[in-house]
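The values are calculated or read from the model by the stated rules, or taken from the named source; none is laboratory data. Here the structure is a predicted model, which means the values were calculated and not measured. As a convention, Cβ positions derive from the backbone with ideal geometry for all residues, glycine included, and neighbour counts pool all protein chains shown. These area figures cover heavy atoms from the full protein model, side chains too; ligands, DNA and RNA do not enter into them. Shrake-Rupley method; radii C 1.70, N 1.55, O 1.52, S 1.80 Å.
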Amino acid sequence: MMNFHILTLFPEMVLEGLNTSIIGRAAERGYISIEAVNIRDYTLDKHGKVDDYTYGGGAGMLMQAQPVYDAYMAVQSRIKTNSARVIYVTPQGRTFHQELAKELAREEDLIFLCGHYEGIDERVLEEIVTDEISIGDYVLTGGELPAMVMVDAIARLVPGVLHNTDSAVTESFYDGLLEYPQYSRPEIWHDKRVPQVLLSGDHAKVDAWRLEQSVLRTKERRPDLYEAYAEKRCGEIRNKKK
Ligand code: ADE
């Protein structure tokens, strides 16, 4: 069981997105829980304001420290995990990847902090954030979509979330390789045949073909991943010889 807590100014956006399909079903069945906490509910400003101008001038508004801090404290005070990891979703963080998803999937509680406007007052970030993570080198209008991307990638690794336990491992990035091509019925479509080996019923041959396709595909499309894979394979072969 894993609990996601998302601090945001747009709770509907996050819940709409994540209560659908596989992640929604997993939440319904109790493998995960997803809570969106509205930062605006914690402002002490009587007009519900959560942002203000930046000291030193410059464009845009900044989310103020107080509502963010109080929203965080409210979550932290009612969860079991003593000091849960707090992920600030920002293009300035380190880049998210599958290994990090695996690491985070082992936590019981994860708190995501979504920024808006020009960002969040640095002082509250210093006090509560344990991890700053980006989903890639491009800039979005807010942290909600990146938080949803990360929750999806992490949640599907939680035991029970995917029906087929195989599918979490036999896929792109398992063993650092891209996935092999796949085919379904009919056998011929637009004059294109399904590769013969897949119809052979010989599982060993099918596995060998798939691995070969994965390696070829990775070499062609992601030379960086292929390099790392080849390196690792060489190491394994060296160790066996010893
Ligand atoms: N907020 C805006 N852009 C982002 C990105 N690429 N990753 C994480 N958070 C963001």
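What to note about this one:
- Qualifying residue in the range 102-115 (condition: touching a strand residue (DSSP E or B) at 6+ places or on another chain (Cβ under 9 Å), open to solvent by 70 Å² or more (accessible area, probe 1.4 Å) and over 26 Å from Ile154 (Cβ atoms)): no
- In summary, Pro91 fulfils each of the numbered conditions (1) in contact with a helix residue (DSSP H, G or I) (Cβ under 7 Å, 6 or more places away or on another chain); (2) closer than 15 Å to Gly115 by Cβ; (3) open to solvent by 50 Å² or more (accessible area, probe 1.4 Å) with the single exception of condition (1).
- The residues of the range 116-139 that are among the charged types (D, E, K, R), open to solvent by less than 100 Å² (accessible area, probe 1.4 Å) and within 11 Å of the ligand (Cβ to nearest atom) amount to a single one, Glu132.
- Only residues that are of a type in the set (Phe, Trp, Tyr), at pLDDT 95 or above and outside any strand (DSSP E or B) were counted in the range 83-120, giving 1.
- Every pair of residues 6+ apart whose Cβ atoms lie under 8 Å, when the first sits in the range 221-239 and is within 21 Å of Pro181 (Cα to Cα) while the second is open to solvent by 100 Å² or more (accessible area, probe 1.4 Å) and modelled with pLDDT of 90 or more: Tyr226/Lys219
- Of all residues in the range 172-216, those that are under 25 Å from Arg233 (Cα atoms), touching a residue at least 12 places away in the same chain (Cβ under 8 Å) and assigned to a loop (DSSP other than H, G, I, E, B) total 6.
- All of (1) in a helix (DSSP H, G or I); (2) more than 18 Å from the chain's Cα centre (by Cα); (3) at pLDDT 95 or above hold for Ile79 with one exception: (1).
- Residues that are in a strand (DSSP E or B), within 18 Å of Val161 (Cα to Cα) and in contact with a Ser or Thr (Cβ under 6 Å, 6 or more places away or on another chain) are absent from the range 5-13 altogether.
- Count - residues of the range 49-71 that are open to solvent by 30 Å² or more (accessible area, probe 1.4 Å) and not in a loop (DSSP other than H, G, I, E, B): 7
- Neighbours by Cβ (under 9 Å, 6+ apart or cross-chain): first from the range 129-143, touching a residue at least 24 places away in the same chain (Cβ under 8 Å); second part of a loop (DSSP other than H, G, I, E, B) and near the ligand (Cβ under 7 Å from one of its atoms): Gly142/Gly115; Gly143/Gly115
- Condition met for Glu107 (within 11 Å of Arg85 (Cα to Cα), within 11 Å of the ligand (Cβ to nearest atom) and in contact with a Lys or Arg (Cβ under 9 Å, 6 or more places away or on another chain)): no
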